[in-house]
Amino acid sequence: MKIYKKVAVLFLMLTLLATFPLEAKTSWKSYGTTPDPTTITGAGKDFTEAETEPTHPIAPKKKVWVDTDLAVGMKRYHREGYSDVDDGYAVLQLFKADNIDIIGISAVFGNTRIDDAYRLCKEMVREFSPYPIPVYKGAGERIDLGQVETNDAVEAMAEALRKEPMTILAIGPATNVGLLLLRYPELVSRIQEVVLVAGRRTPTSYFEIGNPVYHAPDLNFDLDNDGFRILFQRGVKVVLCPFEISNKVWLTAKDLDQLKNGTPGNDWLSEKSRPWLQQWEDGGDIGFNPFDVLASHYLIAPEDIVMEPLVARLEIHKNDMQLKDEQQNFKQYLLCDKSEGFPILYCYDVVPDYHERLIKSFLKDN
């Protein structure tokens with residue numbers, strides 16, 4: 001009789017153990033200087049392989065703050081040509097996303113001057129947002145560590161974080177976010193992750209554009225190295241969508257024709273993108289890379305993005321924009337690999353039918 005009781009107790013214990021969830025194989029806490037080399041497709045905010053399913057229709061919307069250097073339709077100030085339009089694609093895509101709730105939008109300098117970026121942020125919200133979104137003016141220049149000054153955007157982000165945790169999409173220089181973390185380090189735990197457009201694997205992973213090829217800068221990082229450094233040192237969860245992923249995605253004249261579908265936001269963005277597309281075509285390319293939209297797409301549908309855990313660090317190397325300069329100019333680089341540094345999630349590729357999914361995300365009504 002005692003044997004039967006022991007068997008019954010053992011069976012009950014095994015049954016209870018089977019009901020406990022297993023720990024995910026790859027998590028943020030497991031990251032160090034030798035990250036798991038496993039490639040992750042569609043990692044969630046905690047960077048786990050378990051979070052690879054599409055967002056369920058009844059799931060709560062992701063709370064997002066957008067920090068951007070919008071420059072759609074702007075001519076450049078210091079040289080011929082037009083400024084980037086990719087921020088506009090990121091913002092409009094988020095407007096159309098059913099699973100995103102934009103808490104606020106802040107302007108930062110970068111692709112254009114701060115006054116222009118602020119004006120365009122207000123214009124996009126006023127004309128195309130399906131719901132009210134507050135807009136704030138942020139930094140007009142890189143962080144001055146000798147005299148750290150706040151601005152309306154920093155204070156508004158801090159207030160929003162005190163109310164609820166959220167993700168920050170920083171698709172310009174990381175200046176506003178860096179200032180936020182310098183002034184209010186206690187709010188680090190309220191930031192679920194910061195998604196940025198910057199980084200590369202090696203010092204010679206040049207951003208090559210055009211035919212013949214010329215080098216483009218890692219602009220967001222180059223404009224404010226310290227903004228990125230602060231994020232890493234404060235221990236924020238960082239996701240990088242660098243040139244490596246964006247140069248695998250192209251938008252052409254055919255795509256702009258398809259984008260123009262009679263909805264105000266689409267028609268506006270399609271028209272404003274024509275001069276930018278012409279610049280790329282004049283440079284020998286088939287279209288243009290919509291850099292920042294890879295970062296917004298990661299927030300909306302991470303299952304469409306291929307990524308891996310790496311570590312990031314700042315190093316000084318010869319200036320990729322002045323390689324022929326005999327004076328040997330140098331600059332900071334944001335390098336990402338598997339050696340030593342700060343843990344990040346590095347997005348480097350897209351799923352095979354990504355282009356179709358991207359276009360589809362814009363053809364839905366707000």
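The values are calculated or read from the model by the stated rules, or taken from the named source; none is laboratory data. All values derive from a computational prediction rather than experimental measurement. Neighbour counts are summed over all protein chains in view; Cβ atoms, including those assigned to glycine, are modelled from backbone coordinates with ideal geometry. Side chains included, ligands, DNA and RNA excluded: accessible areas come from the protein's heavy atoms. Shrake-Rupley method; radii C 1.70, N 1.55, O 1.52, S 1.80 Å.
Label positions at residue 59 and residue 201, each projected 7 Å from the Cα along the C-beta direction, are separated by 2.9 nm.
Across region 265-366, Cα-Cα distances exceeding 17 Å account for 70% of all pairs.
When both bridge partners sit in region 152-308, DSSP labels roughly 35% of those beta bridges antiparallel.
Per the Kirkwood treatment, what hydrodynamic radius in Å, one decimal, follows for region 148-204 from the mean inverse distance over all distinct Cα pairs?
On the way: mean 1/r = 0.0819 Å⁻¹.
Final number for the Kirkwood radius of region 148-204 is 12.2 Å.
Legend: distances between Cα atoms for 75/237; 122/272; 254/331; pairs beyond 28 Å are 75/237; 254/331.
For the set 63/137; 318/338; 137/364; 63/364, the pairs lying more than 24 angstrom apart at their alpha carbons are 137/364. With a 1.4 Å probe rolled over the protein heavy atoms of all chains, the accessible area of 280, 268 falls in the order 268, 280, largest first. Value of Rg to Rh for region 246-322, rounded to two decimals, is 1.08; Kirkwood radius and Rg both from alpha-carbon coordinates.
Only bridges whose two residues both fall in region 59-108 count here: according to DSSP, what percent of them are antiparallel, nearest 5? Beta bridges within region 59-108, antiparallel portion: roughly 10 percent. The value given for region 54-163 is a Kirkwood hydrodynamic radius of 15.0 Å, derived from the mean inverse Cα-Cα separation. For the pair residue 353 and residue 216, the difference between a 0.36 nm per residue extended length and the Cα-Cα distance amounts to 46.6 nm.
Maximal additional length on extending the residue 144-residue 330 stretch stands at 64.9 nm, based on 0.36 nm per residue less the C-alpha distance.
Over region 121-172, the ratio between the Cα radius of gyration and 2.2 N^0.38 Å evaluates to 1.33. Ordering 260, 137, 254 by accessible surface, largest first, gives 254, 260, 137; the 1.4 Å probe counts only protein heavy atoms, with every chain in place.
Largest first, the residues 317, 297 sort by 1.4 Å accessible area into 317, 297.
For the pair residue 248 and residue 286, label points projected 7 Å from Cα toward Cβ lie 1.6 nm apart. Using a probe of 1.4 Å, the accessible surface attributed to residue 274 totals some 70 Å² when neighbouring protein chains are kept in position.
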